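Below: one structure, written as structure tokens.
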Amino acid sequence: MKEDAITTFNRRLRILAMFKGSEPLTTQMIFKRLQGTAEEMDERSVQRVLALLGEAGYLDVVNPDAKPLHWRWPKGRKFMTLPRLSDQEVLAFRLLERFLEPLLPRSSYRALRPYFDAAQDELDRMPGWASVKNWETKVRVVPPAQPLLPPEPPPALTTATGCPDWEHQQEKIRAAILEALFENRQCAVEYQQLWRDEPVNWILHPLAYLQRGPAFYLLCTLDEYTDVRQLAVHRMRSVTVLDPKARQPVGFDVDREVERSQGMGGSNEPLRLVVRFWKRAGLHLLETRLAADQVVEDEGDDHFRLTATVNDTAQLRWWLLSFGSKVEVLEPTELREEMASQAYWMNRLYRQGEPAGQLAESDTASRSLPAGDP
């Protein structure tokens, strides 16, 4: 039974939309990208569609005398003709380019590149007083934590030629990791551990890609093990994407593992938080609430009590500790004891006449609140 005209049109349009810029594609590449979509078809059908599009002048063959054939847009045609971008679209693509590039698989970024270029072309044609053109000078994303410098290359590569080579290799490594995650494939990695002189080689099963400040990390399992590990991307010497599919541990929860990777504990379960804030430190919480059920009660002129249901996370602990003596955790009891333990050890570290280096190793290792201490 022949397919209807709308299905035929959608399939050909879907294939045409895969061609961006000058990137050539083969029948096999297009066949794989169509798998799992409403326009899925067999390789022979893909070959016929490509041939028809070539005859119609929509595509060119890059290597007519070789196999497999590589197809691409005709020279001078970057992508399918689109209406002129609106001001809102220009803004959206500019912000996408600025903030999403580190998190996109290379193929996805290449697919968006023509749109980023079109947005830039629109900006270049605008007069200097245009609101859209000046928008980027009026918005900033302020990180909620202390800014950090990006990781540096190993000492052996800190030369005029070594640093650019390392940065270029890091770009290739990040692209390979994103490809492995996107395709759900294993990858072979050469990894430099801090305490070893020589790098180690592992087969990774990628699970999640994290950006923490200026650094990137990979949650994964190693070889045949099932425990989830966090690897620093900047310590990877090389990454090769493999054909076998990656495995995911039974019961893997990405949010739980991301939370666990930050350290400082936390079950990620909801808890009823009751805290006492110095008003000048916590005033912003009256407008940007911790939770929908937040309740605030005055406690004199200088303090208020806040009650809210929040998740028990490492981020919660970092946040509470950032207020120092300006907040007191009242409930739950377990969290109050953790904060008291942190305060005890901070007091030990900063106590006059007792530098941190004089603390006994057993004390610094345990960091637990001694029985009977307040």
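Can you say whether residue 56 is surrounded by fewer than 12 Cβ atoms within 10 Å (Cβ to Cβ), closer than 20 Å to residue 15 by Cβ and modelled with pLDDT under 75, as far as the supplied structure shows? Give the steps one after another, and end with the answer.
Values: surrounded by fewer than 12 Cβ atoms within 10 Å (Cβ to Cβ): yes; closer than 20 Å to residue 15 by Cβ: yes; modelled with pLDDT under 75: no.
No.
List the residue pairs whose Cβ atoms are under 8 Å apart, where the first residue sits in segment 205-216 and is without any contact (Cβ under 8 Å) to a residue 60 or more places away in the chain, the second is among the hydroxyl-bearing types (Ser, Thr, Tyr) and surrounded by fewer than 17 Cβ atoms within 10 Å (Cβ to Cβ), and the two are 6 or more positions apart or on different chains.
From segment 205-216, the pairs are 210/261.
Do we find a residue being modelled with pLDDT of 80 or more, surrounded by fewer than 15 Cβ atoms within 10 Å (Cβ to Cβ) and under 26 Å from residue 109 (Cα atoms) anywhere in segment 4-25?
The answer is no; no qualifying residue exists.
Identify, please: which residue in segment 322-333 is assigned to a helix (DSSP H, G or I) and either touching a residue at least 24 places away in the same chain (Cβ under 8 Å) or touching a strand residue (DSSP E or B) at 6+ places or on another chain (Cβ under 9 Å) (or both) and is, among those, surrounded by the most Cβ atoms within 10 Å (Cβ to Cβ)?
So the first thing to find is which residues in segment 322-333 are assigned to a helix (DSSP H, G or I), and the list is 322, 324-326, 333.
Among the residues that remain, those that are also either touching a residue at least 24 places away in the same chain (Cβ under 8 Å) or touching a strand residue (DSSP E or B) at 6+ places or on another chain (Cβ under 9 Å) (or both) are: 325-326.
Details: 325: 8, 326: 14.
Ranking the candidates gives 326 first.
For segment 122-132, what are the residues that are assigned to a helix (DSSP H, G or I), open to solvent by less than 70 Å² (accessible area, probe 1.4 Å) and not hydrophobic (A, V, I, L, M, F, W, C)?
Initial filter on segment 122-132 (assigned to a helix (DSSP H, G or I)): 122-125, 131-132.
Now restrict to residues that are open to solvent by less than 70 Å² (accessible area, probe 1.4 Å): 122-123, 132.
Of everything in segment 122-132, just one residue is assigned to a helix (DSSP H, G or I), open to solvent by less than 70 Å² (accessible area, probe 1.4 Å) and not hydrophobic (A, V, I, L, M, F, W, C), namely 122.
Looking only at residues in segment 300-309 that are modelled with pLDDT of 90 or more, open to solvent by 20 Å² or more (accessible area, probe 1.4 Å) and not acidic (Asp, Glu), which one is nearest to the chain's Cα centre (by Cα)?
That would be 309.
Quick one: how many residues across segment 278-294 are in a loop (DSSP other than H, G, I, E, B), among the charged types (D, E, K, R) and out of contact with any Ser or Thr (no Cβ under 6 Å at 6 or more places or on another chain)? Give the derivation first.
Step one: of segment 278-294, the residues in a loop (DSSP other than H, G, I, E, B) are 287-294.
Those left that are additionally among the charged types (D, E, K, R): 287, 289, 293.
Adding the requirement that they be out of contact with any Ser or Thr (no Cβ under 6 Å at 6 or more places or on another chain) leaves 287, 289.
Number satisfying all stated conditions: 2.
Being charged (D, E, K, R) and at pLDDT below 80 is the filter here; which residues of segment 112-128 pass it? Talk me through it step by step, then tell me what you get.
Step one: filter segment 112-128 for residues charged (D, E, K, R), giving 113, 117, 121-122, 124-125.
Those that are charged (D, E, K, R) and at pLDDT below 80: 122, 125.
Please go through (1) in a helix (DSSP H, G or I); (2) modelled with pLDDT under 85 for residue 84 and return the number of the only condition it doesn't satisfy.
Against the list (1) in a helix (DSSP H, G or I); (2) modelled with pLDDT under 85, residue 84 comes up short only on (1).
Taking segment 281-294 on its own, how many of its residues are closer than 20 Å to residue 321 by Cα and loosely packed, with under 12 Cβ neighbours inside 10 Å?
Counting residues in segment 281-294 that are closer than 20 Å to residue 321 by Cα and loosely packed, with under 12 Cβ neighbours inside 10 Å gives 3.
Which residues, taken from segment 215-225, are open to solvent by 20 Å² or more (accessible area, probe 1.4 Å) and under 14 Å from the mean Cα position of the chain (by Cα)?
Taking segment 215-225 as the starting set, the residues that turn out to be open to solvent by 20 Å² or more (accessible area, probe 1.4 Å) are 216-217, 223-225.
Within segment 215-225, 216, 217 qualify.
Restrict the check to segment 301-311 and report whether at least one residue is free of Cβ contacts under 8 Å to residues at least 12 places away in the same chain, β-branched (Val, Ile, Thr) and at negative phi.
No, the conditions are met nowhere in segment 301-311.
If you scan segment 30-53, which residues turn out to be open to solvent by 70 Å² or more (accessible area, probe 1.4 Å) and part of a helix (DSSP H, G or I)? So that I can check it myself, show each step before the final result.
Initial filter on segment 30-53 (open to solvent by 70 Å² or more (accessible area, probe 1.4 Å)): 32-33, 35-36, 38, 40, 42-44, 47-48, 52.
Those that are open to solvent by 70 Å² or more (accessible area, probe 1.4 Å) and part of a helix (DSSP H, G or I): 32, 33, 43, 44, 47, 48, 52.
Assess whether residue 297 counts as being in a strand (DSSP E or B), modelled with pLDDT of 90 or more and surrounded by fewer than 16 Cβ atoms within 10 Å (Cβ to Cβ).
Details: in a strand (DSSP E or B): yes; modelled with pLDDT of 90 or more: yes; surrounded by fewer than 16 Cβ atoms within 10 Å (Cβ to Cβ): yes.
It is true that residue 297 is in a strand (DSSP E or B), modelled with pLDDT of 90 or more and surrounded by fewer than 16 Cβ atoms within 10 Å (Cβ to Cβ).
Filter segment 142-195 for residues that are closer than 24 Å to residue 240 by Cβ, of a type in the set (Gly, Ala, Ser) and either at pLDDT 80 or above or in a loop (DSSP other than H, G, I, E, B) (or both) and give the result.
175, 176, 180, 188
Taking segment 306-354, which residues are closer than 18 Å to residue 295 by Cβ and among the small types (Gly, Ala, Ser)?
Result: 308, single match.
Take segment 211-234 and flag every residue that is farther than 16 Å from residue 167 by Cα and modelled with pLDDT under 90.
211, 212, 213
When you check residue 280 against the structure, is it within 30 Å of residue 204 (Cα to Cα), without any contact (Cβ under 8 Å) to a residue 60 or more places away in the chain and among the basic types (Lys, Arg), yes or no?
Numbers: within 30 Å of residue 204 (Cα to Cα): no; without any contact (Cβ under 8 Å) to a residue 60 or more places away in the chain: yes; among the basic types (Lys, Arg): yes.
Spelling it out, it is not the case that residue 280 is within 30 Å of residue 204 (Cα to Cα), without any contact (Cβ under 8 Å) to a residue 60 or more places away in the chain and among the basic types (Lys, Arg).
What number of residues within segment 226-257 are open to solvent by less than 50 Å² (accessible area, probe 1.4 Å) and closer than 29 Å to residue 196 by Cα? Outline the logic, then answer.
Here is the first cut: in segment 226-257, the residues open to solvent by less than 50 Å² (accessible area, probe 1.4 Å) are 228, 231-234, 236, 238-239, 241-242, 246, 249, 252, 257.
Subset that is closer than 29 Å to residue 196 by Cα: 228, 231-234, 236, 238-239, 241-242, 246, 249, 257.
Qualifying residue count, segment 226-257: 13.
The values are calculated or read from the model by the stated rules, or taken from the named source; none is laboratory data. What you see is a predicted model; the values in this text were computed from it and never measured. Note: ideal-geometry Cβ built from the backbone for every residue, glycine included; neighbour counts use all protein chains shown. Keep in mind that these areas ignore ligands, DNA and RNA; they rest on the heavy atoms of the full protein, side chains included. Shrake-Rupley method; radii C 1.70, N 1.55, O 1.52, S 1.80 Å.
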